[in-house]
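Here's the structure, in structure tokens; my notes come after.
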Amino acid sequence: MKLLTVSPAPHIRDKASTRSIMLDVLIALAPTLVASIVIFGFQALLVTGVCVGMAVLSEFVFEKGVKKSVTINDLSAVVTGVLLSFCLPVDIPLWIAGLGSVIAIVVVKQLFGGIGQNFANPAITARVVLLISFGGAMSTYAIDGVTSATPLAAGAANPGVLGMFLGNHAGSLGETCALTLLIGGAYLVVRKVISWHIPVAYIGTVAVVSLIAQQDLSIQLMGGGLLLGAIFMATDYATSPMTNAGKLVYGVGCGLLTMMIRLWGATPEGVSYAILLMNILTPHIDKLTAHKALGGDAA
Amino acid sequence: MGNHGIRLNGHKNTVDCKPVAMPVPAKVRIPLALLGANTSTFLVQKGDEVAVGQPVATQGQGIGVPVYASVSGKVAGIETVRLASGAIVDAVVIESDGRQTPWEGIKPPVVEDLKSFLEAVRQSGVVGLGGAGFPTWVKLNAEVEYLIINGSECEPYCTADYIALRDFTADVVEGVRLVKEYGKIPKVIIGVKHPPQGIEEAFKAIPGAEIKHLQEYYPVGAERMLIKETTGRVIPGRKLPKDVGCIVLNVNTAAYLARYLRTGMPLVSRTVTVDGSAVNTPSVITAPIGTPVGDIFEAAGGFKCEPAKILAGGPMMGVCLPNLDFPLLWQNGSFLALDAKDAKVPDSTACIRCGRCVDHCPMNLMAFQIGKAYEARDLDTLKKIRADLCIECGCCAYVCPAKRDMVTANKLAKRYMADEARKEANK
């Protein structure tokens, strides 16, 4: 008889793997990618392609370079690439898009230890770095060749609720089409990749504050990066809290910060900064909202 | 608040099987597998003729129970054997004569009160048959409010408890009645997921007995979960069921107790589920204690393909056996043989902080932190997150998409905590 396998329990495992989870995220992002091509043209696909390609390439090169095992097969770099491209304007110079991927993967993800170890969301951090470094290229939104501001900017045209819902307005590649973003979010919840807590707390908080501050609800909810951020960015495992209570706190925090920046800040949009700030608070939220062990009060 | 573990595919392939007595094995090795076995005394020596039910050794002072010959034949010697736990213990080796002659000293015990009942339970050789293997008489020596009968058997494949409840209902009921009466336990709850027909009727013989349909989750049969589900009580910290007024008894344990009190034949054989993707005919087999696992698989029609992994116990908490020579122990309720596909050990990757382990830990632990804290030998954090309360059920590792070996990490963490506590105490 051949030698028998001796391994620790459990001897059965759930089907879900890191790769299958990332694949689910990509499936959830696919409708929005299609929408971005419809809205912004073929160039949208090119930007996404460059971001994904550079993200995977830089992960591969970095891991080879430092002699770590290569993890591009887990598809997390692909997700980062897509997410980064989704928060870029369509006519971003491609080299800037590619540079964003390198920042996201090498600086934010790999230098902190790779998947699961980064304290800030790679795509968002890279976007913020690009925004600070290339302010002009990053905030020029063209649609059908006409440059305009996003509906969130003061004095911008209001595309109407339906236009906003379908995404036919200025904005980053993947943030404009509320319909496809919501479909993607529903898919992730159904597949149990994410729970409803962060998106609902986040979007709910923005809605409540908007009503109190007498803002146009449809613009606040659908005119900027809120849906993309709340569904796909704020739910990033590595940088958001573990427990449901923590997720609610985190979602509300993201919502409040977003609205503070939108209402009082110097920039029209605040989703990226809000999520980034809450990323930093995540370890503390985790600590304060940790589950208590069953019977854990006694020795 | 607590999580509700996981849902598993039951794989209860043997649920319609009748227990089949296997052919008498040529040789059995009966290990002194109990705590304190180092203080054992052998009552037989090489060359002695023994009969079924004859005591061959006493093991341990204090909590020990006697060990009995499970076959009739000749003592071939005392050997050391390695158990699945890794422990190396002495074993009485008996070459069977195939006749299964009962020992002449077999007679029903005289039981009048709790003291004589507990002594009888001790003499029965019965230990926790659900898997723990803890001497039953020690457990029964407590004043409690609830007697909880565990018939949940939540590990996939395992059916020995369900079948005991279905086919040996009278024995189970009698065992429960005896424990309840001698222990003066006011309430009895039988926890089952799928009660076999007629169970409600049978347990009406015991006043105050209640059948509780358990929720369909793993590990609902774990002692702490079962007590919570049936009584609503939570065992504080590392205390025992009796500290919340409960005794939990496995259905098979109850049945064997009843048989001993009726016949005087101690625990010398038990029913085991034999299943898994490499087994020809999934079966329920009654086998003498100490039978080599290989013989038990033989009795189930052998293997349909080369087995790649042999498990004692279920797939969630079972232990791998490195060969087929291992002897059947009292607490083994199932043996599984898995084919190469089922035996494959997945590659593990870094934790992605998905939180699934936290969502599914039935003990409500922040499971992902335990391994990290152990690697750093961070005793303060381990204490704070109560790694010591991990019941090693495997839910965290089961759901982990990064396929991390979380249970191993938790076991190491628990051992580390115990070692440090001992060091602290010896200071």
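The values are calculated or read from the model by the stated rules, or taken from the named source; none is laboratory data. Model, not experiment: these values are computed from the prediction. Reconstructed Cβ throughout: ideal geometry from the backbone, glycine too, with neighbour counts over all protein chains shown.
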Please work out which one of (1) within 14 Å of another protein chain (Cβ to nearest Cβ); (2) touching a residue at least 60 places away in the same chain (Cβ under 8 Å); (3) touching a Leu at 6+ places or on another chain (Cβ under 6 Å) is the condition A:Ala28 fails and give its number.
-> (1)
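Out of curiosity, is B:Lys403 of a type in the set (D, E, K, R) and facing chain A (nearest Cβ under 9 Å)? Walk me through how you get there before you give the answer.
On the way: of a type in the set (D, E, K, R): yes; facing chain A (nearest Cβ under 9 Å): yes.
Considered against the rule, which asks whether it is of a type in the set (D, E, K, R) and facing chain A (nearest Cβ under 9 Å), B:Lys403 comes out as yes.
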Residue in the stretch B:57-72 that is modelled with the highest pLDDT, counting only those that are among the small types (Gly, Ala, Ser) and out of contact with any strand residue (DSSP E or B) (no Cβ under 6 Å at 6 or more places or on another chain) = B:Gly64
Does at least one position in the stretch A:239-250 carry a residue that is farther than 23 Å from B:Pro401 by Cα, in a loop (DSSP other than H, G, I, E, B) and either more than 14 Å from chain B (Cβ to nearest Cβ) or touching a strand residue (DSSP E or B) at 6+ places or on another chain (Cβ under 9 Å) (or both)?
-> no
If you check B:Pro307 against the conditions, is it farther than 30 Å from A:Ala120 by Cβ, in a loop (DSSP other than H, G, I, E, B) and touching a residue at least 60 places away in the same chain (Cβ under 8 Å)?
-> no
So how many residues does the stretch B:337-355 have that are more than 8 Å from every other protein chain (Cβ to nearest Cβ) and either touching a residue at least 60 places away in the same chain (Cβ under 8 Å) or crowded, with 24+ Cβ neighbours inside 10 Å (or both)?
-> 3
Residue check: is B:Lys414 closer than 25 Å to B:Val234 by Cβ, away from chain A (no Cβ under 12 Å) and not small (Gly, Ala, Ser)?
-> yes
Output for the stretch B:71-96, where each listed residue is farther than 12 Å from B:Phe326 by Cα, in contact (Cβ under 8 Å) with a residue 60 or more places away in the chain and of a type in the set (Gly, Ala, Ser) = B:Ser96
Report the residue count in the stretch B:126-158 for those that are buried (at least 24 other Cβ atoms within 10 Å of the Cβ) and on the phi > 0 side of the Ramachandran plot.
-> 2
For A:Pro268, which of the numbered conditions (1) buried (at least 19 other Cβ atoms within 10 Å of the Cβ); (2) within 19 Å of the chain's Cα centre (by Cα); (3) not acidic (Asp, Glu) fails to hold?
-> (1)
Just for the stretch B:318-327: of the residues that are surrounded by 20 or more Cβ atoms within 10 Å (Cβ to Cβ) and either in a loop (DSSP other than H, G, I, E, B) or not hydrophobic (A, V, I, L, M, F, W, C) (or both), which one is nearest to the other protein chains (Cβ to nearest Cβ)?
-> B:Gly318
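Go through the stretch B:55-93 and give me each residue that's part of a strand (DSSP E or B), within 25 Å of B:Arg259 (Cα to Cα) and more than 24 Å from the chain's Cα centre (by Cα).
Filtering the stretch B:55-93 for residues part of a strand (DSSP E or B) gives B:55-58, B:66-68, B:73-82, B:88-93.
Remaining after also requiring within 25 Å of B:Arg259 (Cα to Cα): B:55-58, B:66-68, B:73, B:92.
Of everything in the stretch B:55-93, just one residue is part of a strand (DSSP E or B), within 25 Å of B:Arg259 (Cα to Cα) and more than 24 Å from the chain's Cα centre (by Cα), namely B:Gly73.
Condition first: within 14 Å of chain B (Cβ to nearest Cβ) and not in a loop (DSSP other than H, G, I, E, B). Now tell me which residues in the stretch A:258-299 satisfy that.
First, pick out the residues of the stretch A:258-299 that are within 14 Å of chain B (Cβ to nearest Cβ): A:279, A:282-283, A:285-299.
A:Asn279, A:Thr282, A:Pro283, A:Ile285, A:Asp286, A:Lys287, A:Leu288 - these are the residues of the stretch A:258-299 that are within 14 Å of chain B (Cβ to nearest Cβ) and not in a loop (DSSP other than H, G, I, E, B).
Residue by residue through the stretch B:219-239, note down the ones that are outside any loop (DSSP other than H, G, I, E, B) and of a type outside the set (Asp, Glu).
Here is the first cut: in the stretch B:219-239, the residues outside any loop (DSSP other than H, G, I, E, B) are B:223-231.
Across the stretch B:219-239, the qualifying residues are B:Arg224, B:Met225, B:Leu226, B:Ile227, B:Lys228, B:Thr230, B:Thr231.
Would you call A:Ser58 part of a helix (DSSP H, G or I), small (Gly, Ala, Ser) and within 14 Å of another protein chain (Cβ to nearest Cβ)? Give the steps one after another, and end with the answer.
On the way: part of a helix (DSSP H, G or I): yes; small (Gly, Ala, Ser): yes; within 14 Å of another protein chain (Cβ to nearest Cβ): no.
Considered against the rule, which asks whether it is part of a helix (DSSP H, G or I), small (Gly, Ala, Ser) and within 14 Å of another protein chain (Cβ to nearest Cβ), A:Ser58 comes out as no.
For (1) part of a helix (DSSP H, G or I); (2) farther than 24 Å from A:Val70 by Cα; (3) modelled with pLDDT of 95 or more, each residue gets a yes or a no:
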position	(1), (2), (3)
B:Lys341	yes, yes, no
B:Gln369	yes, yes, no
B:Lys372	yes, no, no
B:Ala413	yes, yes, yes
B:Lys423	yes, yes, no
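Residues checked against (1) assigned by TED's automatic domain parsing to the domain that holds B:Lys414; (2) under 18 Å from A:Pro241 (Cα atoms):
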position: B:Asp347; (1), (2): no, no
position: B:Ala350; (1), (2): no, yes
position: B:Cys361; (1), (2): yes, yes
position: B:Leu365; (1), (2): yes, yes
position: B:Ile370; (1), (2): yes, yes
position: B:Glu375; (1), (2): yes, no
position: B:Asp378; (1), (2): yes, no
position: B:Lys383; (1), (2): yes, no
position: B:Arg386; (1), (2): yes, no
Complete set of residues in the stretch B:278-317 that are buried (at least 20 other Cβ atoms within 10 Å of the Cβ) and among the polar types (S, T, N, Q) = B:Ser283, B:Thr291
Which listed residue, of A:Ala35, A:Ala30, A:Ala16, is of a type outside the set (Phe, Trp, Tyr), under 25 Å from A:Gly116 (Cα atoms), out of contact with any strand residue (DSSP E or B) (no Cβ under 6 Å at 6 or more places or on another chain) and assigned to a helix (DSSP H, G or I) = A:Ala30
Quick one: B:Val92 ticks every box in (1) surrounded by 21 or more Cβ atoms within 10 Å (Cβ to Cβ); (2) out of contact with any Ser or Thr (no Cβ under 9 Å at 6 or more places or on another chain); (3) within 23 Å of B:Val251 (Cα to Cα); (4) aliphatic (A, V, I, L, M) bar one, so which box is it?
-> (3)
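I want to confirm something. Restricting to the stretch A:16-25 and keeping residues that are surrounded by fewer than 23 Cβ atoms within 10 Å (Cβ to Cβ) and aliphatic (A, V, I, L, M), which single residue is farthest from the other protein chains (Cβ to nearest Cβ)?
Checking each candidate, the answer is A:Leu23.
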